[in-house]
Amino acid sequence: MKRQGHMDDAYVVGDPDGLSPLQRKIRDAVARELHAQFALRADRLDLADLPEVAYQITRRVDEVLTGTTTG
């Protein structure tokens, strides 16, 4: 949590996006999965697709956290 009037620690150590290495890995995994899901669905997500998309994103985040990948 950022303290008002104080710079975030990430900026102090020179990380311009303000994310830790783990947060960057999670962000990148989410972005890759969203890109894949949009490609599978012809660049369109319907509300009915959201549970499956959320599930796939959760799997990608789990892979980052556990250091595993699935086929």
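Just a few scattered comments:
- Given their separation in residues at 0.36 nm each and the Cα-Cα distance between them, Leu19 and Asp49 gain 7.9 nm when the chain is fully extended.
- Modelled label positions at Leu34 and Thr66, each set 7 Å beyond Cα in the direction of Cβ, lie 2.4 nm from each other.
- Distance cut-off 14 Å, percentage of C-alpha pairs in the range 9-66 lying past it: 60 percent
- Among 22-29, 37-44, 49-56, the peptide with the highest mean count of other Cβ atoms within 10 Å heads the list, and the full ranking is 22-29, 49-56, 37-44.
Laboratory data are not the source of any read-out in this text; all were calculated from the coordinates shown. Keep in mind that what you see is a predicted model, and the values were worked out from it rather than measured. Neighbour counts run over all protein chains shown; Cβ positions are idealised from the backbone, glycine included.
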